[in-house]
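The values are calculated or read from the model by the stated rules, or taken from the named source; none is laboratory data. Here the structure is a predicted model, which means the values were calculated and not measured. A quick note on method: Cβ atoms are made from the backbone with ideal geometry, for glycine too, and the neighbour counts reach across all protein chains shown. We work out accessible area using only protein heavy atoms, side chains counted, and drop any ligands, DNA or RNA first. Shrake-Rupley method; radii C 1.70, N 1.55, O 1.52, S 1.80 Å.
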Amino acid sequence: MSADLLPEHPDFLWRNPEPKSSYDAVIVGGGGHGLATAYFLAKNHGMTNIAILEKGWLAGGNMARNTTIIRSNYLWDESAAIYEHALKLWEILPEELEYDFLFSQRGVMNLAHTLGDVRESMRRVGANKLNGVDAEWLDPKQVKELCPILNISDNIRYPVMGATYQPRAGIAKHDHVAWAFARKCDEMGVDIIQNCEVTGFVKDGNRVVGVKTNRGTINTEKVGLAAAGHSSVLAEMAGFRLPIQSHPLQALVSELHEPVHPTVVMSNHVHVYVSQAHKGELVMGAGVDSYNGYGQRGSFHVIEHQMAAAVELFPIFARAHVLRTWGGIVDTTLDASPIVGNTPVENMFVNCGWGTGGFKATPAAGMTFAHNIATGTPHKLNKPFALERFETGALIDEHGAAAVAH
């Protein structure tokens with residue numbers, strides 16, 4: 001079918017246009033952050049002559065390869081501010097985007113298994129409350145009341161000594177989120193260009209003026225990089241380096257089951273996190289593979305340890321069968337916090353380093369990155385996450401609250 005017929009076809013949510021010769025801004029990366037950035041550039045800043053360039057298919061990277069957990073219970077003020085703003089946006093986006101992407105605020109528990117865990121967890125609850133983030137400390141009995149299938153006996157390797165709990169946290173359907181943003185972007189005139197790989201950049205001195213792709217060169221006044229694990233590759237093309245490392249991150253789902261798991265349970269100590277999707281499959285994730293790489297497939301031993309932890313915490317899962325596994329490419333920084341802001345190249349901006357927290361941050365990352373691109377200066381929420389912090393030492397160490405630490 002001709003691309004010209006796509007807008008009129010009722011089965012398509014957005015056009016599939018050919019790239020124009022020039023745009024006011026180009027966003028590299030057609031995942032959640034790229035889509036959200038384009039949406040807020042159009043909605044908040046009136047910039048509609050925009051292209052989103054995706055080397056594969058729309059939202060086929062980390063957006064389709066995560067465990068969809070949404071929470072804002074991070075330790076430091078800067079992190080709590082941007083993630084809590086994201087959560088507030090999640091609460092209004094289904095109506096704003098006119099699309100039910102199955103946002104389910106079923107709560108998230110973070111288990112504590114040692115005295116060190118307990119002290120750190122209670123510290124985080126206190127910090128969350130000071131920052132206006134809903135947070136509670138649960139003793140083992142309360143944990144069991146909230147999640148009856150969880151094993152809280154004291155004769156297991158890592159007994160449950162309590163948990164933090166954020167009632168407003170939850171999950172959403174990642175594909176639907178991408179489709180919701182894509183449809184609204186398209187309605188406002190944004191070009192979503194799939195199968196368009198960036199191969200280089202055109203610069204006038206130290207200022208970016210164009211993007212080289214496998215479908216020709218596109219002239220532009222501004223470039224926003226939102227390519228997660230491949231951000232360092234793009235930065236090298238532009239002539240600078242980013243302090244990020246890319247790792248595979250695996251997850252898996254079981255076959256469908258009747259509803260048995262009412263909330264989201266995370267354990268950084270044994271490392272596993274589990275929720276039950278809307279259709280009924282159990283969704284499980286673990287820590288990143290230790291090696292660097294760009295493969296969307298991880299190591300078997302990580303899955304093995306993850307499953308052992310899950311069965312110990314949830315004995316009922318012992319009879320469940322793994323349906324499929326997958327891997328994403330997560331971009332991790334030295335302090336487990338993102339990089340959002342200006343780069344050494346004029347008119348080029350970067351949004352990366354979210355590690356395993358990218359999906360939950362989607363709306364706030366898009367809103368602040370759009371502000372940064374449109375105005376040239378950071379929004380107050382992303383200002384602390386500037387690239388320069390790795391030179392000044394003003395790090396935001398979230399290794400205890402972000403899953404990339406384990």
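Summary table
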| read-out | value |
| --- | --- |
| Of residues in segment 296-343 being in contact with a Leu (Cβ under 8 Å, 6 or more places away or on another chain) and part of a loop (DSSP other than H, G, I, E, B), the one surrounded by the most Cβ atoms within 10 Å (Cβ to Cβ) | 337 |
| Tabulated pairs, segment 99-123, first more than 24 Å from residue 309 (Cβ to Cβ) and among the aliphatic types (A, V, I, L, M), second part of a loop (DSSP other than H, G, I, E, B) and open to solvent by less than 50 Å² (accessible area, probe 1.4 Å), C-beta under 7 angstrom, 6+ apart or interchain | 102/172 |
| Considering residues of segment 217-231 that are crowded, with 22+ Cβ neighbours inside 10 Å and under 20 Å from the mean Cα position of the chain (by Cα) only, the residue farthest from residue 52 (Cα to Cα) | 229 |
| Unique match (being over 30 Å from residue 384 (Cβ atoms) and more than 17 Å from the chain's Cα centre (by Cα)) among 94, 17 | 17 |
| Leading residue by the ranking (nearest to residue 174 (Cα to Cα)) among those in segment 101-117 that are of a type in the set (A, V, I, L, M, F, W, C) and touching a Pro at 6+ places or on another chain (Cβ under 8 Å) | 101 |
| Single condition residue 249 does not satisfy, out of (1) in contact with a His (Cβ under 7 Å, 6 or more places away or on another chain); (2) surrounded by 19 or more Cβ atoms within 10 Å (Cβ to Cβ); (3) under 25 Å from residue 164 (Cα atoms) | (1) |
| So residue 91, is it of a type in the set (Asp, Glu), at pLDDT 95 or above and either within 22 Å of residue 336 (Cβ to Cβ) or part of a loop (DSSP other than H, G, I, E, B) (or both) | no |
| Meets criteria (modelled with pLDDT under 95 and either hydroxyl-bearing (Ser, Thr, Tyr) or surrounded by fewer than 24 Cβ atoms within 10 Å (Cβ to Cβ) (or both)) for residue 13 | yes |
| From the options 55, 20, 43, residue that is basic (Lys, Arg), assigned to a helix (DSSP H, G or I) and open to solvent by 10 Å² or more (accessible area, probe 1.4 Å) | 43 |
| Only one of 110, 66 that is in a loop (DSSP other than H, G, I, E, B), under 21 Å from residue 337 (Cβ atoms) and not aliphatic (A, V, I, L, M) | 66 |
| Filtered residues of segment 84-101 (kept if within 16 Å of residue 354 (Cβ to Cβ) and open to solvent by less than 10 Å² (accessible area, probe 1.4 Å)) | 86, 87, 90 |
| Test: residue in segment 184-205 that is surrounded by fewer than 24 Cβ atoms within 10 Å (Cβ to Cβ), of a type outside the set (Ser, Thr, Tyr), in a helix (DSSP H, G or I) and touching a residue at least 24 places away in the same chain (Cβ under 8 Å) | yes |
| Qualifying residue in segment 341-352 (condition: over 21 Å from residue 236 (Cβ atoms) and either touching a strand residue (DSSP E or B) at 6+ places or on another chain (Cβ under 9 Å) or not polar (S, T, N, Q) (or both)) | no |
| Number of the condition not met by residue 154 [criteria: (1) in contact (Cβ under 8 Å) with a residue 40 or more places away in the chain; (2) over 17 Å from residue 274 (Cα atoms); (3) in a loop (DSSP other than H, G, I, E, B)] | (1) |
